[in-house]
Amino acid sequence: MKITSLLLKNFGSHVETRMSLADLGLVLLDGENKDAGGSNGSGKTTILSGICWGLFGRTPEGLKANDVIREGSYGCKVEIAVLLGEQNLVVSRSRGDSNKLKLKLDDVDTTGATNAETQKTLEALIGLDWPTFLSVVLFPQGGTGMAALSDAASKHVLDQILDLERFQQAHDKV
């Protein structure tokens, strides 16, 4: 999974931010707080929260549903383009007028009947669920990653990233 672009519209402190991340490799987020100076409060963490909310409908900070909407705005939208091998996936999540999660895989709408159904499809496509993403991919500020997980949670994360179920399926066939 490689994120190739990101759109944040009325998400957190961002009015509209578009980022192309294709072929950039490791990316440094730097910002300038034009009100208070320095980089604190410039929206860097909000970009990462936007990716989390776009993919999973939640943020590392545990923001409630309407807390992600930019103050003074009615709704928000996050759109993430992801390269999955040879396939292009576009994930769009909005809050406000329509609280909808939409998926397009190679320009074909693969949105389910409900957000929960669509979320399951999304997690299957990217091969990650929220605990795994948070523990292995994002590793947020102050996060302790897998070291702080329970045995059961660590097993779940390892099962998902190592795809251990395939060994059980192979064993069952023997």
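Can you find a residue that is touching an Asp or Glu at 6+ places or on another chain (Cβ under 6 Å) and closer than 17 Å to Leu128 by Cβ anywhere in segment 68-79? Let's see the steps before the verdict.
Step one: filter segment 68-79 for residues touching an Asp or Glu at 6+ places or on another chain (Cβ under 6 Å), giving 75.
With closer than 17 Å to Leu128 by Cβ added as a condition, the list becomes none.
Within segment 68-79, none of the residues are touching an Asp or Glu at 6+ places or on another chain (Cβ under 6 Å) and closer than 17 Å to Leu128 by Cβ.
Of all residues being among the β-branched types (Val, Ile, Thr) and without any contact (Cβ under 8 Å) to a residue 24 or more places away in the chain in segment 106-132, which is least open to solvent (accessible area, probe 1.4 Å)? Just the residue, please. This residue is Thr118.
In segment 49-59, is there at least one residue being touching a residue at least 40 places away in the same chain (Cβ under 8 Å) and assigned to a loop (DSSP other than H, G, I, E, B)? Checking segment 49-59: at least one residue is touching a residue at least 40 places away in the same chain (Cβ under 8 Å) and assigned to a loop (DSSP other than H, G, I, E, B). Looking at Asn88, Asn66, just one residue is part of a helix (DSSP H, G or I), among the polar types (S, T, N, Q) and within 27 Å of Lys120 (Cβ to Cβ), and that residue is Asn66. Within segment 34-51, the set of residues being within 26 Å of Ala124 (Cα to Cα) and open to solvent by less than 40 Å² (accessible area, probe 1.4 Å) comprises Thr46, Ile47, Ser49, Gly50, Ile51.
Screening the candidates Ser98, Ser92, Ser42, Ser13 for the property of being of a type in the set (S, T, N, Q), touching a helix residue (DSSP H, G or I) at 6+ places or on another chain (Cβ under 9 Å) and modelled with pLDDT under 90 yields one hit, Ser13. Selection of first residues in segment 22-35 that are charged (D, E, K, R) and of second residues that are open to solvent by less than 60 Å² (accessible area, probe 1.4 Å), restricted to Cβ pairs under 6 Å at least 6 apart or on distinct chains, gives the following pairs, ordered by first then second residue: Glu32/Ser42.
Over 15 Å from the mean Cα position of the chain (by Cα), closer than 20 Å to Pro131 by Cα and either modelled with pLDDT under 95 or open to solvent by less than 40 Å² (accessible area, probe 1.4 Å) (or both) - does that describe any residue in segment 52-64? Yes; the residues of segment 52-64 include at least one that is over 15 Å from the mean Cα position of the chain (by Cα), closer than 20 Å to Pro131 by Cα and either modelled with pLDDT under 95 or open to solvent by less than 40 Å² (accessible area, probe 1.4 Å) (or both). For Val137, the conditions (1) closer than 24 Å to Cys76 by Cβ; (2) at pLDDT 75 or above all hold with the exception of (2). The residue list Val78, Val82 contains one member that is open to solvent by less than 50 Å² (accessible area, probe 1.4 Å), closer than 13 Å to Met1 by Cα, at pLDDT 70 or above and touching a strand residue (DSSP E or B) at 6+ places or on another chain (Cβ under 7 Å), which is Val82.
The values are calculated or read from the model by the stated rules, or taken from the named source; none is laboratory data. Everything numeric in this text was worked out from a predicted model, so none of it was measured. Please note: Cβ atoms are built from the backbone with ideal geometry, for glycine as well, and neighbour counts cover all protein chains shown. Side chains included, ligands, DNA and RNA excluded: accessible areas come from the protein's heavy atoms. Shrake-Rupley method; radii C 1.70, N 1.55, O 1.52, S 1.80 Å.
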